[in-house]
Amino acid sequence: MDEFVEALSRDAARKIIYVREEHVRLPKPGPFIEELNLPEPLISALKSKGINRLYSFQAKALSLMRFGKSVSIVAGTGTGKTEAFLLPILEEVMKDPFSWGTRALIVYPTKALARDQLSRIHFYLSYAFGSRAAVLDGDVSERERQNIYSTPPHILVTNPDMIHMALQYSENFRRLISGISYVVFDDAHVYSGVFGTHVRYVIRRLKRFVGNVVFAAASATMGNPKEFAEALFGCPVEVVDAGRTRKGEVVHVMVKPQTRSKMAEVLSLLKECIEQGMKTLVFVDSHRLAELLKLAAEKSGLKVGIHRAGLKPEERRRVENALKTGSLNAVIATPTLELGIDIGDLDAVILSSIPPSFSKYAQRTGRVGRRGQKAYVITVLGNDPISAYYENSPQEFFDQGYEPQVLDPENEEIAKIHLLAMARDKPYSFDELSPFEKRVVSFLLEKGYLRQRGHRLRITREGTRYLATRQSLRGLGNVVKISTKKGRVIGYREMPMALKELHPGAVYIHGGQLYLSLLLDGRRAVVEPLPRNYPFITKPLYYSQPEELRVFAERVVKGFSLSYLELAIRDSVYGYVVKRYPGMEYVREVILDREYSYTFKTKGILVWRPPKIEWDDMSNAEAFHAAEHALISAAEMIVGASPTDIGGISFPSGHIYIYDAFPGGSGLSKEIFNRFVEVAERALSIVSNCTCRDGCPRCIYSPYCGNNNRVLSRRKSALILEESLKVSLEIPVVSRYGKPIV
């Protein structure tokens, strides 16, 4: 056994569940660079980096893009994915570096990642006098922006948010991009769900101002690279796949704490890594857990940084630089560091839980061993259904493929925003719209947000006001501003999550500081600081009510009747539970003087099977509530969803609603609808293999349950699922619009 893993195993408070060694696997070699008819400056630049020969996938991407083919590139981190899409762009620039105009738009999902990659592009361009690249984002000064517009760089590096705003407000930007030949979206796996649907519309708007451009998507992890890229770009693409690759040796370890809490285990592992001189990154899945873990680490005498959404950009950059330079050797992060920002030679990654998808696991583990050194990935299993499943079948976790990326082009809330923005970019006619977009535009005309003059649709003053409050591409819910009683703004949180974290009496954590929420009113929350050693945290008590708005498709499979539909979900917080931290012991339950509610439209599925007539309502409620929890846990594994991506509601009548927890929908529930048998079979495995009496955190208890895991029966849910799956009936999808749903 590996020496470090052997040392970990000597601690009796943990159990090593599984170890897998991943050896170096480089992509298949391709032609020597002299064979490719590249410009001499580019050959010199490649040789100076020690690149004398391309990998086969790089040469394929170069060939396809040269001949005007759009591509979807899949290659492991650190194996030359950037060069695969950059070479044809550099080739065009270096053949005539003194020509006028921007040739390529390279888009990264964040400003930090765009600026991080600019130095790599500059290195190559330094070999061709006269060629230039520049970043255009919200941090660029007005003077720099005017320089970009007056002397356009050959390569413009930006992010989707900047394109979204610049198309609306800048004639200079629209003119700048009019002559581009290439548009690249790196880290394309990020453009899934709500964010991906936003970006798909941004691309749709961008295409109105450019000619026949070559699109490229690039990622280390895409389960459906062709289908997803074509949905994103709206054009055919060719797939360029390097296969599973790894630049350095990595040891993957699954551990299970035996006599201490999960958080204590993460801290113990972090301490051991630091003592071994390893530069270490700890990944958690929520900003709340990141803050709690940082507090606990500091109490244990460990020097750690924190990196998460909601912190100011300069705070995140300070942590990135400290980790890169070695002045900080340990950072606790949410998925904000999942992307390809160069944070140096990481030796270890600790995952506080199994990531919501294998793709995310691969992205996070791609942070280690990028300099070719031996590295370690340690995943901490807990007492939850997903951990319990993979504790019994760890090989199944490592042998699975990447999940498909999903987006929902028919998210009406997103479509409203971009069809208004598109009119602001440049007026358009009904002839440019799809049938779905025409329905949305009819609504916008009825509301007075658009007006029609002749054949052209233009935005109105009312539409401009509506759009002004919905310009973010990162979500859809109303954004709540969080400030202290003295008026100091400490951050923002989006609905409906803000409802559950900032109701009066809630303990909110931000930047390592605990706050007590005093007021939640519309888009404003008022908080006051609590002592740093305050020993309590809170968990909301709430209920959700669904309203069916439209049915898109129906099917019968096994013993289940399924509908894919549009819903209105009303979340209502009526109280909260106080727990002592860090032991999480129950202290008391508090009922609020009134309910705090928020309603949003989304998409979801309705699962129905008849309740058991020999049971009373309470028994049926216990069965279907537990089945709801098990189905959600199973769906997270099957479709790669995060714990807060999916919501659920169940009734003793046998109705279970599982829905996208984002306004308008994310596309996840459609994937669950299409793969429901897999989900149900995994749910049955969860509830039938647990050895508890009739329900526990390892099978059906959920930390997100609004009624604090009351009215649940593992055994009854197992009976319901088993009986339903034994039925051999299947009726294909019937769409209310007369076509299959795909």
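The values are calculated or read from the model by the stated rules, or taken from the named source; none is laboratory data. Just so we're clear, the structure is a prediction, and the values are computed from it rather than from any experiment. Here the Cβ positions follow ideal geometry from the backbone for every residue, glycine too, while neighbour counts run over all protein chains shown.
Only strands (runs of 3 or more DSSP E) whose full extent lies in the stretch 510-557 are considered here, and the ones with at least 3 residues that are assigned by TED's automatic domain parsing to the domain that holds residue 702 and more than 26 Å from the chain's Cα centre (by Cα) are 536-557.
This table checks each residue for (1) modelled with pLDDT under 85; (2) touching an Asp or Glu at 6+ places or on another chain (Cβ under 9 Å); (3) part of a helix (DSSP H, G or I); (4) not aromatic (Phe, Trp, Tyr).
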position: 293; (1), (2), (3), (4): no, no, yes, yes
position: 296; (1), (2), (3), (4): no, no, yes, yes
position: 317; (1), (2), (3), (4): yes, no, yes, yes
position: 331; (1), (2), (3), (4): no, yes, no, yes
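Scanning the stretch 232-254 for residues that are touching a helix residue (DSSP H, G or I) at 6+ places or on another chain (Cβ under 7 Å) and outside any strand (DSSP E or B), we see that the one that is surrounded by the fewest Cβ atoms within 10 Å (Cβ to Cβ) is 236. Once the stretch 242-264 is narrowed to residues that are of a type in the set (D, E, K, R) and modelled with pLDDT under 95, the residue that is nearest to residue 638 (Cα to Cα) is 244.
Of all residues in the stretch 463-519, those that are exposed (fewer than 15 other Cβ atoms within 10 Å of the Cβ), at pLDDT 85 or above, under 30 Å from residue 169 (Cα atoms) and not polar (S, T, N, Q) total 3.
Residues in the stretch 434-454 that are part of a helix (DSSP H, G or I) and either polar (S, T, N, Q) or at positive phi (or both): 442 alone. Where helices (runs of 4 or more DSSP H) fall entirely within the stretch 348-429, those with at least 3 residues that are touching a helix residue (DSSP H, G or I) at 6+ places or on another chain (Cβ under 7 Å) and within 29 Å of residue 468 (Cβ to Cβ) are at 412-425. Return the residue satisfying two criteria in turn: it lies in the stretch 594-624 and is free of Cβ contacts under 8 Å to residues at least 12 places away in the same chain and either in a strand (DSSP E or B) or among the aliphatic types (A, V, I, L, M) (or both), and of such residues it is surrounded by the most Cβ atoms within 10 Å (Cβ to Cβ). Applying the filter and picking the extreme gives 594. Just wondering, is there one or more residues in the stretch 63-84 that are part of a helix (DSSP H, G or I) and either among the aromatic types (Phe, Trp, Tyr) or touching a Cys at 6+ places or on another chain (Cβ under 7 Å) (or both)? So far as the stretch 63-84 goes, no, none of its residues is part of a helix (DSSP H, G or I) and either among the aromatic types (Phe, Trp, Tyr) or touching a Cys at 6+ places or on another chain (Cβ under 7 Å) (or both). Among the residues making up the stretch 170-208, those that are touching a residue at least 60 places away in the same chain (Cβ under 8 Å) and either under 14 Å from residue 136 (Cα atoms) or hydroxyl-bearing (Ser, Thr, Tyr) (or both) are 174, 176, 177, 181, 182, 191, 192, 197, 201.
Residue by residue, here is whether (1) at negative phi; (2) outside any loop (DSSP other than H, G, I, E, B) holds:
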| residue | (1), (2) |
| --- | --- |
| 277 | no, no |
| 290 | yes, yes |
| 301 | no, no |
| 311 | yes, no |
| 324 | yes, yes |
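The residues of the stretch 579-591 that are surrounded by 16 or more Cβ atoms within 10 Å (Cβ to Cβ) and part of a strand (DSSP E or B) amount to a single one, 579. Residues of the stretch 669-700 that are farther than 18 Å from residue 728 by Cα, of a type outside the set (S, T, N, Q) and surrounded by fewer than 19 Cβ atoms within 10 Å (Cβ to Cβ): 692, 693, 694, 696, 697.
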